[in-house]
Amino acid sequence: ILEALDGILGRNDLSLMAIQMKLLDDYDRAITELDNLIDEQLAEQANLLHRLQDIPGISKKTAQIVIAEVGPDVSPFVDAHHLASWAGLCPGNYESAGKKHGSATLHGNGYLKSALVTAAMGAKITKKSGLKDYFWRLSSRMDKQKAIIALAHKILRIIYSLIQDGTTYREYKKDQRKAITLAANN
């Protein structure tokens, strides 16, 4: 910033810059204090926080938002679809006289919805990820924004099962999926 200020500055300009820099330092200190407070409150949920971060696209901040909004227990929700509906990630269903009209998603929980959409945008660019493949399969037959919402919906369903079962996220290769399916059928 200082190198960009090539020229003459008056007394008022210098005073205003000093005030702005002091405000910036105060904001940085406040953000650091809030981050420490969040880390302190989530210390007992550290295992869940790390398991959520194993999902492609989920950062530490997104995992913190998920734990804050959903909680470490998903028992208030009957199933993953009820959680997705509460979050506002289910597509609307507007049909009249047998004709399907354009539909929009529900409003839902704005914090959780925006965090999961951001996670979906990160997951769609993750290399060697089944979620990336899922996004591109959907985007070949629908609008990319709708595919992002569908991917966020899928991530939330994965989160539901991780919290409910206490498991971790694992990517399966196609051969492993076939072997699991055959073993389940036998």
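Tabulated data for the structure shown
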{"read-out": "Residues within region 60-75 that are open to solvent by less than 50 Å² (accessible area, probe 1.4 Å), in contact (Cβ under 8 Å) with a residue 60 or more places away in the chain and not in a helix (DSSP H, G or I), tallied", "value": "1"}
{"read-out": "Count of residues meeting criterion [in contact with a helix residue (DSSP H, G or I) (Cβ under 7 Å, 6 or more places away or on another chain), part of a helix (DSSP H, G or I) and without any contact (Cβ under 8 Å) to a residue 40 or more places away in the chain] in region 32-49", "value": "3"}
{"read-out": "Flag if SER96 is among the hydroxyl-bearing types (Ser, Thr, Tyr) and at pLDDT below 85", "value": "yes"}
{"read-out": "Lone qualifier among LEU49, LEU23 - being open to solvent by less than 80 Å² (accessible area, probe 1.4 Å) and either farther than 30 Å from THR126 by Cβ or at pLDDT 90 or above (or both)", "value": "LEU23"}
{"read-out": "Close pairs from region 105-128: first under 13 Å from LEU156 (Cβ atoms), partner buried (at least 17 other Cβ atoms within 10 Å of the Cβ) and among the polar types (S, T, N, Q), Cβ under 6 Å, at least 6 apart", "value": "ALA115/THR62; ALA119/THR62"}
{"read-out": "Any chance SER161 is small (Gly, Ala, Ser), within 16 Å of the chain's Cα centre (by Cα) and surrounded by fewer than 19 Cβ atoms within 10 Å (Cβ to Cβ)", "value": "yes"}
{"read-out": "Number of positions in region 106-153 that are among the charged types (D, E, K, R), surrounded by 14 or more Cβ atoms within 10 Å (Cβ to Cβ) and either more than 11 Å from the chain's Cα centre (by Cα) or not in a helix (DSSP H, G or I) (or both)", "value": "3"}
{"read-out": "Yes/no for SER103 being open to solvent by 50 Å² or more (accessible area, probe 1.4 Å), at pLDDT 85 or above and not basic (Lys, Arg)", "value": "no"}
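The values are calculated or read from the model by the stated rules, or taken from the named source; none is laboratory data. As the structure is a computational prediction, the values presented were derived from the model and not from experiment. FYI the Cβ positions are ideal-geometry reconstructions off the backbone, even for glycines, and counts take in every protein chain you see. To get the accessible areas, we keep the full protein, side chains included, count just its heavy atoms, and leave off ligands, DNA and RNA. Shrake-Rupley method; radii C 1.70, N 1.55, O 1.52, S 1.80 Å.
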